[in-house]
1. Give just the number: which of (1) among the charged types (D, E, K, R); (2) within 23 Å of residue 128 (Cβ to Cβ); (3) under 15 Å from the mean Cα position of the chain (by Cα) does residue 193 not satisfy?
2. Would you confirm, using the coordinates I've provided, whether residue 137 is among the aromatic types (Phe, Trp, Tyr) and modelled with pLDDT under 95?
3. Among the candidates 71, 21, single out the residue that is loosely packed, with under 13 Cβ neighbours inside 10 Å and touching a Phe, Trp or Tyr at 6+ places or on another chain (Cβ under 9 Å).
4. For residues that are over 15 Å from residue 42 (Cβ atoms) and either touching a strand residue (DSSP E or B) at 6+ places or on another chain (Cβ under 8 Å) or of a type in the set (S, T, N, Q) (or both), tally how many sit in region 140-163.
5. Quick one: would you say residue 8 is open to solvent by 80 Å² or more (accessible area, probe 1.4 Å) and aromatic (Phe, Trp, Tyr)?
6. Hydrophobic (A, V, I, L, M, F, W, C), open to solvent by less than 10 Å² (accessible area, probe 1.4 Å) and over 13 Å from the mean Cα position of the chain (by Cα), is that true of residue 210?
7. Filter region 47-64 for residues that are of a type outside the set (S, T, N, Q), closer than 22 Å to residue 103 by Cβ and open to solvent by less than 50 Å² (accessible area, probe 1.4 Å) and give the result.
8. Kindly list the number of the only condition in (1) buried (at least 17 other Cβ atoms within 10 Å of the Cβ); (2) in contact with a Cys (Cβ under 7 Å, 6 or more places away or on another chain); (3) at pLDDT 95 or above that fails for residue 197.
Amino acid sequence: MIDWLNEYEVPDFPPTNKALSDPQGLLAAGGLISPLWLDTAYRRGIFPWNDPEEARLWWTPTPRAVITPDSFHIPRKIAKELRKSRMRVTSNLAFERVMAGCTAPRDGQNGTWIDSEITAVYPTLQHSGRALSIECWAPDGTLAGGFYGLIIGRALFGESMFSAQSGTSKIAFAAAVPVLFECGIALIDCQMRTEHLARFGLIDLPRDEFEARLARAVNSEEIRPVPGVIK
């Protein structure tokens, strides 16, 4: 049994150790998608994820997949592709277009978890410097891929990525992450392990260690501005 969150102005999440083991990490349902709710949730390692037709669900799985400056590496093949690529990589030049790319249905999928509430709120967070997009542009100026996420303190919470052309999300990630670390990011929360991100040095942290590292990151001073042109 999980808690049902009322739609009050002040969010009140249960302790994260109350999350279910089956399905892994499910903590609560209900609540709102707003800057305050998202800030409160992400500071504690909680994130929303549900199909648009479902009730709002909040998750905090363990172990937690993260990338740190010490664990990150670029596989040799991707590093070679990055050197040869004519793609241009930028930040925060097309946030809503990146979100739209992430929202588009994928092959073999019927829809997306990124619903209208999320697409309405996240651009507001980006305008206030609390969210980030990374864009990958083809030589003809077409938006070919990218990813977006939230930033709190020195933590980056990866939300979603897309590739309109083959391999462009990994080019965007490989080019941007070293720059993000240089700007002060200390922890990238990838939420759950995927084959795509595992190549870049994912490590799995138990709940206590993840939450301790997360607390240090979100309570640190803000990162330096991310340059608009990365590659």
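1. So the condition that residue 193 fails would be (2).
2. no
3. On inspection, the qualifying residue turns out to be 71.
4. Residues meeting the conditions: 9.
5. yes
6. Here the answer is yes, as residue 210 does meet what is asked.
7. Those that are of a type outside the set (S, T, N, Q), closer than 22 Å to residue 103 by Cβ and open to solvent by less than 50 Å² (accessible area, probe 1.4 Å): 47, 48, 55, 56, 57, 58, 59.
8. The single condition residue 197 does not satisfy is (3).
The values are calculated or read from the model by the stated rules, or taken from the named source; none is laboratory data. Because the structure is a prediction, the values reported are computed rather than measured. A quick note on method: Cβ atoms are made from the backbone with ideal geometry, for glycine too, and the neighbour counts reach across all protein chains shown. Only protein heavy atoms, including side chains, enter the accessible area calculation; ligands, DNA and RNA are left aside. Shrake-Rupley method; radii C 1.70, N 1.55, O 1.52, S 1.80 Å.
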